[in-house]
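Structure record follows, encoded as structure tokens.
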Amino acid sequence: MHESIAILDFGSQYTQVIARRIRECNVYSRIYHHSTPASVLRKDKVCGIILSGGPASVFSPKAPIPDKKIFSLGVPVLGICYGLQLIAHQLGGKVEKSGQREYGHGNLRVQPHGKLLAGLPRNLRVWNSHGDKVIQLPKGFSSTAATDNSENAAIEDPKRNIFGLQFHPEVSHSEQGILILENFIKGICGCRGDWSMANFLTESIERIREEVGDSRVILGLSGGVDSSVAAALLHQAIGDRLVCVFVDNGLLRLHEKEGVINLFKRNFKMDLRVVSASGLFLNKLKGVSDPERKRKQIGYTFVKVFEDFIQKHGKADYLAQGTLYPDVIESVAIDGNPAAVIKSHHNVGGLPKRMKLKVLEPLRELFKDEVRMLGAELGLPKEVLWRQPFPGPGLAVRILGEVNRRNLRVLRQADAILQEEMVASDWYYKVWQSFAVFLPVRTVGVMGDQRTYENVIALRIVESVDAMTADWVRLPYEILQKVSTRVINEVQGVNRVVLDISSKPPSTIEWE
Ligand code: XMP
């Protein structure tokens, strides 16, 4: 059994970030529901407990509270933000509604004494996000740091090993935040750091086996990073009781289907079924130009294809998804309710309730880069792990106007040329995304003394950290020139190539 830190989740948007930071210190961390009884934490032999932040105020009649016995387990406790206010409130201190909300950067003045902030500079910039503040400390506590707004920005009772921070050390904007967490986990809780992604893999496999038992699991495999890692993980756990379904919706890139089939059938010997449904999808897209209608039509058609598949090949109890933490909206149920009846299918717009499949989301606690690490442990090649993202609705949202076979052919060829040149010039893995967009306008050109009147291809090449914001990449002119020349020469139906030089915001990455 590993050393482990329990995080009691009070609903903060940062709860998973705390878990992740602890994993970065090579210590296993697990998120528990905030009302988890102290006896469960004792049984799990946790080395420390962190009370997360949360949107509530301790004054609210419905304020979530922990089992008070956690404070007498003899295990160190650290409260962050709402967690600190809970400690003060529950152990006999006083919390006050602050007249001034403290949000964003603040200056922390650190006192030289204190275990939690030991070894830190006297002044730090930290990230705050709170309304209430502690105005009177419970017995045994002293303040170890202050901000302009609060005398008790860090508090501790060194005898009982109970600590509180008003700010968020887990957020990257907090200077030395990781050192503060490390002080807690290693210095105070005594963890040595015995956890790694290899352990996560072993434990995930055990957990999946335990949960799934003899049932069958079905997984929609797109070939993207998340579904590929989920597939490889489940396959190791349950072998042929995993059925992967790859839907050829006719909106895929050049040779994409063959690439995914080869990789998974050859390397993993998986039960991979390919559903050819391009005719169905293209029919549903006939005459549709509005971007939202396209997405809806595609979403519904995916649902239909899945339903038909299950009816024909049936007997699956679980639907696995490569949902990652950033996809998880509701933080409180993270480790609590694995068998929730399906509500929505993230990339395909909502499966019907009557399917009654249980959801299995083995990557739910991870961030993208952690998923890549896990994929590497599972032996997935770099080409899969570092693939650029590709939207669920595929090329349909990169063909402005109507999607038809002719426009798809043009876009596929142009896009393949761009990808080839990105790979050849070593730029493919340096950018977030690089793709071609089909514009339904025609322009005049001249080729071999002949007038041409053909379509335009736009190139969209962006850098980004999380796709929330993005900027266009200043790709060397020689590469752009090569792509442009090749597209115009090799792709029938195109006589002009343009470069998209818009950032996000205000533009989005995809054109539709
Ligand atoms: P936008 O265009 O909103 O895209 O700036 C942000 C990122 O999300 C990808 N994207 C999608 N991914 N299903 C997906 O799985 C979708 O419907 C979808 N739409 C956009 C896009 O490629 C970019 O990386």
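The values are calculated or read from the model by the stated rules, or taken from the named source; none is laboratory data. None of the values given here were measured: they were computed from a predicted structure. Virtual Cβ from ideal backbone geometry, glycine too; neighbours counted across all protein chains shown.
Numerical summary
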quantity: Where ALA320 falls short, out of the listed (1) within 14 Å of the ligand (Cβ to nearest atom); (2) crowded, with 19+ Cβ neighbours inside 10 Å; (3) modelled with pLDDT of 70 or more; (4) over 18 Å from MET197 (Cβ atoms); calculated: (1)
quantity: Extreme residue, nearest to PHE390 (Cα to Cα), among residues of the range 462-499 that are outside any strand (DSSP E or B) and within 12 Å of the ligand (Cβ to nearest atom); calculated: ALA467
quantity: Filtered residues of the range 140-192 (kept if surrounded by fewer than 24 Cβ atoms within 10 Å (Cβ to Cβ) and aromatic (Phe, Trp, Tyr)); calculated: none
quantity: Any hit, the range 90-102, residues being surrounded by fewer than 17 Cβ atoms within 10 Å (Cβ to Cβ) and assigned to a loop (DSSP other than H, G, I, E, B); calculated: yes
quantity: Where a residue in the range 486-505 is more than 17 Å from PHE438 (Cβ to Cβ) and its partner, wherever it lies, is within 16 Å of the ligand (Cβ to nearest atom) and outside any strand (DSSP E or B), with Cβ under 6 Å and at least six apart; calculated: LYS504/THR469
quantity: Output for the range 123-137, where each listed residue is surrounded by fewer than 20 Cβ atoms within 10 Å (Cβ to Cβ) and over 30 Å from the mean Cα position of the chain (by Cα); calculated: ASN123, ILE135, GLN136
quantity: Unique match (being surrounded by fewer than 14 Cβ atoms within 10 Å (Cβ to Cβ) and touching a strand residue (DSSP E or B) at 6+ places or on another chain (Cβ under 6 Å)) among VAL444, VAL437; calculated: VAL444
quantity: Odd one out for VAL465 among (1) modelled with pLDDT of 95 or more; (2) assigned by TED's automatic domain parsing to the domain that holds VAL487; (3) within 19 Å of the chain's Cα centre (by Cα); (4) of a type outside the set (Gly, Ala, Ser); calculated: (1)
